[in-house]
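Peer 1: After the structure tokens below, expect a handful of questions from me.
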Amino acid sequence: MAQERSNTLGVLVSGRGSNLEAIMQAIEDGRLDADLRVVISNKPGAYALERASNRGIPAEVVASRQFRKDRQAFESAIHDVLQRYGVRYVALAGFMRLLSPWFVRQYPNRIVNIHPSLLPAFPGLDAQEQAYEHGVKVSGVTVHFVDEGLDSGPIIAQRPVPVLDDDDADRLSARILEQEHRLYPECLQLLLQNRLAVDGRHVRVRPAEDA
Ligand code: GRF
């Protein structure tokens, strides 16, 4: 088994992988000091896998379809891959499955997710459309720890994105996505530097020298 290092990261994906790309670019630029060991997709054809391979990152498939309704077996398979690559931190980047309490316990305060709304508003699927249809004036991005609920874990950071008069759901989504690509690497950098202190629902950023 590969040795566990403190900044080892695994990314779970299901789709196009633009956040994955932003993470990999941040690593390349030196803005994110992460050792990205593996990208795992539950969908065999996900474009995110190609993005990982293009940058020489191991890309693995654990096809949820093959496990049918056996979530425990599916998650154990993911856990096995993460262990094999010595992953300490897990970032969900468009990963479309809810994780069980068992899986979450394997990585206490070490799994994070990005969501395209200002949580707790508009959790779940199509958050940008939900926000647009509701007629809110401000939506945005949330990065949060993953707990056993749906987009419900302690919030690490949020970025507001105003809804403009001539917006539609697609235009709003595009501007939210731009902010996602900025915010996620920043939060991951804090996480991997061990600078996030979780106290119940509250997440505080420790000064660099205390980490
Ligand atoms: C993003 O909007 C993210 O916030 C949400 O799923 C989408 C994934 O997009 N969780 P991508 O695969 O990173 O391009």
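Rule-based calculations on the coordinates, nothing more; no lab input. Only a predicted model underlies this, so the values are computations on that prediction, with no experimental measurement involved. Cβ sites come from the backbone with ideal geometry, for glycine too, and all protein chains shown count toward neighbours.
Peer 1: What strands (runs of 3 or more DSSP E), lying completely within segment 75-177, carry at least 1 residues that are more than 16 Å from the ligand (Cβ to nearest atom) and either hydrophobic (A, V, I, L, M, F, W, C) or on the phi > 0 side of the Ramachandran plot (or both)?
Peer 2: Where strands (runs of 3 or more DSSP E) fall fully within segment 75-177 and carry at least 1 residues being more than 16 Å from the ligand (Cβ to nearest atom) and either hydrophobic (A, V, I, L, M, F, W, C) or on the phi > 0 side of the Ramachandran plot (or both), they are 138-145.
Peer 1: Is there a residue being farther than 13 Å from H115 by Cα and charged (D, E, K, R) anywhere in segment 153-160?
Peer 2: Checking segment 153-160: not a single residue is farther than 13 Å from H115 by Cα and charged (D, E, K, R).
Peer 1: Ok, one more. Would it be correct to say that E50 is within 13 Å of the ligand (Cβ to nearest atom) and exposed (fewer than 14 other Cβ atoms within 10 Å of the Cβ)?
Peer 2: Judged against the criteria, E50 is a match.
Peer 1: How many residues, within segment 54-74, are part of a helix (DSSP H, G or I) and under 14 Å from L12 (Cα atoms)?
Peer 2: Residues that pass the stated criteria total 2.
Peer 1: Right, another one. Let me spell it out: the conditions are (1) touching a residue at least 40 places away in the same chain (Cβ under 8 Å); (2) touching a strand residue (DSSP E or B) at 6+ places or on another chain (Cβ under 8 Å); (3) surrounded by fewer than 21 Cβ atoms within 10 Å (Cβ to Cβ); (4) of a type outside the set (G, A, S), and V90 meets all of them except one. Which number is the exception?
Peer 2: (3)
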